[in-house]
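The values are calculated or read from the model by the stated rules, or taken from the named source; none is laboratory data. What you see is a predicted model, and the numbers here were worked out from it, not measured in a lab. Positions of Cβ are backbone-derived with ideal geometry, glycine not excepted, and every protein chain shown enters the neighbour counts. For accessibility, only protein heavy atoms count, side chains too; no ligands or nucleic acids. Shrake-Rupley method; radii C 1.70, N 1.55, O 1.52, S 1.80 Å.
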Amino acid sequence: MKLAIFDLDGVLVDTAKYHYLAWKRLANEYGFDFTEADNERLKGVSRMRSLEILLEIGGLNVDEATQEAMAAQKNAWYVEYISRLDESELLPGAADYVRHLRSRGVMTAIGSASKNTAMILERLGIAGLFDVVIDGTRTRKAKPDPEVFALAAQSLGIDPQDCVVFEDAVAGIQAAHRGGMGVVGIGKPDKLGEADAIVPGLAQLMALSAAQV
Ligand code: B16
Ligand code: MG
């Protein structure tokens with residue numbers, strides 16, 4: 001592995017709960033409920049695709065201008081919630097594992113769908129830990145398209161076969177494979193069966209790496 005590409009939400013930080021709160025608030029404003037189980041369908045999915053799924057759940061049909069307004073409102077609430085993020089919300093082992101790889105000469109990148117990536121990395125104090133950050137502001141195609149990961153590899157001149165992606169969402173695992181990269185699924189095996197290896201979190205990978213030293 002020459003380059004490790006990390007998804008952000010669900011791998012380095014648990015922002016899913018804030019996405020959930022903001023989508024639920026939006027659903028409630030429009031008179032329907034949105035459950036945690038519904039929220040599972042939005043993980044790793046782009047903002048506008050997430051809205052389409054939400055509207056489907058609520059059985060609503062709205063015009064494009066209203067869709068834009070709804071997505072902007074949701075994002076404003078989400079940004080308000082994550083503006084209070086700090087280092088304590090890094091997932092266990094996340095920063096340690098990234099530092100460990102870097103100390104071994106492995107390059108590191110972010111490959112996230114989120115347009116709020118820069119702000120989240122700053123709030124978590126880990127912006128300096130990555131050679132390149134590719135996020136939703138730099139891509140035209142959402143996961144499972146491999147664009148986000150391919151751009152990370154290309155910008156550092158690394159072959160896809162020398163890259164490993166760390167992902168918590170099925171769409172991201174498919175994107176990595178379509179891009180010819182290896183992928184470690186972060187989370188529960190029942191949802192991530194397509195990954196080449198699955199671990200509950202980066203803390204477990206850190207423990208394994210430390211044991212082999
Ligand atoms: P934003 P990831 C994804 O981030 C989230 O998993 C997904 O729930 C969210 O809708 C998407 O980012 C877009 O986020 O609204 O902040 O642009 O998992 O690819 O790091
Ligand atoms: Mg994710």
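Judged by the ratio a/c of the largest to the smallest principal axis of the C-alpha gyration tensor, segment 160-213 counts as oblate, that ratio being 1.5 or greater while a/b is no larger than b/c. Restricting attention to segment 30-177, the count of lysine pairs at 8 or more positions apart or across chains with alpha carbons under 15 Å apart stands at 5.
The ellipsoid that matches the Cα gyration tensor of segment 16-82 has semi-axes, each √(5λ) in whole angstrom, of 16, 14, 11, with the longest given first. Considering only alpha-carbon pairs that sit under 8 angstrom and 6 or more positions apart, the relative contact order computed for segment 149-213 is 24 percent. The distance linking segment 6-29 with segment 140-213 is 20 Å (Cα centroid to Cα centroid, whole angstrom).
Bridge orientation summary for the chain: considering DSSP beta bridges with both residues in this region, about 5 percent are antiparallel. Taking all protein chains into account, the per residue accessible area for the chain stands at 48 Å² (1.4 Å probe).
Note that segment 48-128 shows a convex hull volume over its alpha carbon atoms of 118 Å³ per residue. Sorted largest first, the principal axis extents computed over the alpha-carbon atoms of the chain equal 55, 34, 31 Å.
Secondary-structure-derived ellipticity at 222 nm for the chain, considering helices only, amounts to -14000 deg cm²/dmol, per-run term -39500 (n - 2.57) for DSSP H runs with n ≥ 4. The listed peptides 103-112, 21-30, ordered by packing as a protection proxy, come out as 103-112, 21-30 (highest mean of other Cβ atoms within 10 Å first).
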